[in-house]
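Comments concern the structure below.
The values are calculated or read from the model by the stated rules, or taken from the named source; none is laboratory data. On a predicted model such as this, the values are computed, not experimentally measured, just so you know. Cβ coordinates were reconstructed from backbone atoms using ideal geometry, including for glycine residues, and neighbour counts include every protein chain displayed. To get the accessible areas, we keep the full protein, side chains included, count just its heavy atoms, and leave off ligands, DNA and RNA. Shrake-Rupley method; radii C 1.70, N 1.55, O 1.52, S 1.80 Å.
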Amino acid sequence: MHATIDAQFTVSLDPDKTLPLATLAESLTEIQLEATILEEIVRSLDERLVEAYCGEKHARGNGDRRFQRAGTTTRTAVTTAGEHEFTLHHVKDTAATEDDPTYFRPLEDLVEFDGQRIYQEDVSLQSTDLATSLSFRDAVAHGDGFTPMPSKTTINRRVREYGSKLGDFVRGRLPGTNADTVVPDGTKCHSQDDHCTYHDVNVTLGQTTEEDTETTLLDVNLNDSWDETAATLEETEAITDDATVVSDAENALVDAFENGDRSHQLDLVHVGRTLGYKLWKDDAFSLSERKAIVSGVTNDLFHLKNSVALHAPRNERLAIRERIDQTLENLRKESWRLERQDSPKAAAYLREWAEATVTFAELALDQQQVPWTSNVVERAMGEVSKRCKNQWMRWSEAGLESLLWLNLVQYADPEQFAAFADELLERSAKTAITMEVSTEATRGEL
């Protein structure tokens, strides 16, 4: 099926004015040239298909054909090419059986509209993309400057729809991922539901470090326990049996993921913050003394981090081993000292988590690279905070989860989001489209 569109386009410019190229480009956009061409393509295809069924218009003998023209309807649609109004022909099948439609539109066998929706999937996907970083109202305002945007209510509905589909898409591709590093974290967002004040948001990222480090979003869920999250990821083999868990000191999280051959790396950045808080709670030292204690501990840990960075590439295992032992010894001594000086919470914290602070160094002895910080998920939670945690925002569970899938897949794994968009818009069908463009400029008048 071919459609040939001949277009004549005349441009007149004032020779007394110099125009910016951007102004000329904007003028072309304003006349909706792309929209006009698309409408003509659809009109031409519609006419050719109807002729194939019913014969040429007003030709003799058409009344004896099985298929008869049966009027037209107007179909309004909005795409990234602009706003369109199509006049589409109906055809009547005079020999239709009970199982076949009597009336149909031939064009719909070749060109598919998005149901009865005016805004087609390309515009809808753009609007949901904007809504991952802007409020629904702002997404409409910002998007309208570039392409016609649906209403904020429609964008809200599409976010729920596409977010749910994206979640299913990602989960369907998870089995066999075998991430060897798991980086989970949680936060809270205000709820508009009556049964809870906040939604518990759990986000789990995975990294595969065999060659180049690749990060992917393994799971987003609301109000589920970490045990449920870990069990689901284990069942689908999304994480390995000997994966390393990199996180803060949330016991429920660590207990859920750290089992069997798995180990835990405590985020070193969190150590100083948590230790400072424990010292404050114990109320045994002045502010300057607390700062000195925290500084001493963090200096030891970052000395270890720098030592691993220096010696691991050279496979200098003895130097790393000595620094690990020295770090653990320093932490044990500091814990003992704090206990003696009436700071039990801080002392207990160092005792409990000391081994977890050196996991990355222990694994470096076997040439395994494991991050010493959970920054990758902390940045992801920053994206959640920017979009979802403003003071006036209240969320339903379904709406929040859908928005988080859209937001976090784009952040953590943009290639996976691109694959989802390709599938949603059926871009593989472009291989069935051939387009040729030729232009010819003729001499005009000056």
### Task
Please identify the pairs in which a residue from the stretch 366-389 that is in a helix (DSSP H, G or I) has its Cβ atom under 6 Å from the Cβ atom of a residue that is of a type in the set (D, E, K, R), counting only partners at least 6 apart or on another chain.
Val377/Asp185; Met381/Asp185
### Query
Looking at Asp200, is it acidic (Asp, Glu), modelled with pLDDT of 90 or more, part of a helix (DSSP H, G or I) and surrounded by 13 or more Cβ atoms within 10 Å (Cβ to Cβ)?
no
### Task
Inspect the stretch 391-400 for any residue being in contact with a helix residue (DSSP H, G or I) (Cβ under 7 Å, 6 or more places away or on another chain), under 17 Å from Arg171 (Cα atoms) and open to solvent by 50 Å² or more (accessible area, probe 1.4 Å) and give the result as yes or no.
yes
### Message
Looking at the stretch 102-129, I want the residues that are farther than 19 Å from Glu40 by Cβ and have a partner that is part of a loop (DSSP other than H, G, I, E, B) and among the hydrophobic types (A, V, I, L, M, F, W, C) with Cβ atoms under 6 Å, at least 6 apart or on another chain. Which pairs are those?
### Response
Thr102/Ala96; Glu121/Leu425; Ser127/Met149
### Subset of the stretch 160-197 (residues that are closer than 22 Å to Arg394 by Cα and either in a strand (DSSP E or B) or in contact with a Phe, Trp or Tyr (Cβ under 8 Å, 6 or more places away or on another chain) (or both))
Gly163, Ser164, Gly167, Asp185, Gly186, Thr187, Lys188, Cys189, His190, Ser191, Gln192
### Message
Step by step: first the residues of the stretch 164-188, then only those that are open to solvent by less than 10 Å² (accessible area, probe 1.4 Å) and out of contact with any Gly (no Cβ under 8 Å at 6 or more places or on another chain), then the one that is nearest to Ala238 (Cα to Cα). Which residue is that?
### Response
Val170
### Query
Which one of these does Lys188 not meet: (1) farther than 24 Å from Ala421 by Cβ; (2) out of contact with any Lys or Arg (no Cβ under 9 Å at 6 or more places or on another chain); (3) basic (Lys, Arg)?
(2)
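Would you check if there is a residue in the stretch 68-83 being under 30 Å from Val123 (Cα atoms), of a type in the set (D, E, K, R), touching a residue at least 60 places away in the same chain (Cβ under 8 Å) and not in a strand (DSSP E or B)?
Taking the stretch 68-83 and keeping what is under 30 Å from Val123 (Cα atoms), we get 71-83.
Narrowing further to those that are of a type in the set (D, E, K, R): 75, 83.
From the residues that got through so far, the ones that are touching a residue at least 60 places away in the same chain (Cβ under 8 Å) too are 83.
Subset that is not in a strand (DSSP E or B): none.
No, the conditions are met nowhere in the stretch 68-83.
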### Query
Considering the stretch 37-67 alone, what residues qualify as being under 19 Å from Phe104 (Cα atoms), outside any helix (DSSP H, G or I) and open to solvent by 80 Å² or more (accessible area, probe 1.4 Å)?
Glu56, Lys57, Arg65, Arg66
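So in the stretch 1-36, with the set limited to residues that are of a type in the set (S, T, N, Q) and part of a loop (DSSP other than H, G, I, E, B), which one is most open to solvent (accessible area, probe 1.4 Å)?
Within the stretch 1-36, the match that is most open to solvent (accessible area, probe 1.4 Å) is Gln8.
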### Message
Return the residues of the stretch 412-436 that are within 26 Å of Cys388 (Cβ to Cβ) and open to solvent by less than 70 Å² (accessible area, probe 1.4 Å); say none if nothing qualifies.
### Response
Ala412, Asp413, Gln416, Phe417, Ala418, Ala419, Phe420, Ala421, Leu424
### Message
Tell me the residue from Glu378, Glu329, Glu316 that is within 30 Å of Asp283 (Cα to Cα), out of contact with any helix residue (DSSP H, G or I) (no Cβ under 6 Å at 6 or more places or on another chain) and modelled with pLDDT under 95, please.
### Response
Glu378
## Note on the structure
Selection from the stretch 318-327 of residues surrounded by fewer than 17 Cβ atoms within 10 Å (Cβ to Cβ) and without any contact (Cβ under 8 Å) to a residue 40 or more places away in the chain yields Leu318, Ala319, Glu322, Asp325, Gln326
### Query
So Thr439 clears everything in (1) modelled with pLDDT of 90 or more; (2) surrounded by fewer than 15 Cβ atoms within 10 Å (Cβ to Cβ); (3) hydroxyl-bearing (Ser, Thr, Tyr) except one condition, right? Which one?
(1)
### Message
modelled with pLDDT under 90, more than 23 Å from Glu423 (Cβ to Cβ), among the basic types (Lys, Arg) and more than 36 Å from the chain's Cα centre (by Cα): is that true of Arg43 in this structure?
### Response
no
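Taking into account only those residues within the stretch 122-150 that are in contact with a strand residue (DSSP E or B) (Cβ under 9 Å, 6 or more places away or on another chain) and surrounded by fewer than 20 Cβ atoms within 10 Å (Cβ to Cβ), which is nearest to Asn407 (Cα to Cα)? Even if it seems obvious, please write down each step before you answer.
Taking the stretch 122-150 and keeping what is in contact with a strand residue (DSSP E or B) (Cβ under 9 Å, 6 or more places away or on another chain), we get 122-123, 127, 147-150.
Restricting the remaining residues to those that are surrounded by fewer than 20 Cβ atoms within 10 Å (Cβ to Cβ) gives 122, 147-148.
Values: Asp122: 18, Thr147: 21, Pro148: 22 Å.
Per the criteria, the residue is Asp122.
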### Query
Which of the residues spanning the stretch 68-111 are at pLDDT below 90, of a type outside the set (S, T, N, Q) and open to solvent by 70 Å² or more (accessible area, probe 1.4 Å)?
Glu83, Glu98, Asp99, Asp100, Pro101, Glu108, Asp109, Leu110
#### Entry: Pair list, Cβ under 7 Å, 6 or more apart: the stretch 184-205 residue closer than 15 Å to Ser402 by Cα, other residue of a type in the set (Ser, Thr, Tyr) and surrounded by 22 or more Cβ atoms within 10 Å (Cβ to Cβ)
Asn202/Thr229
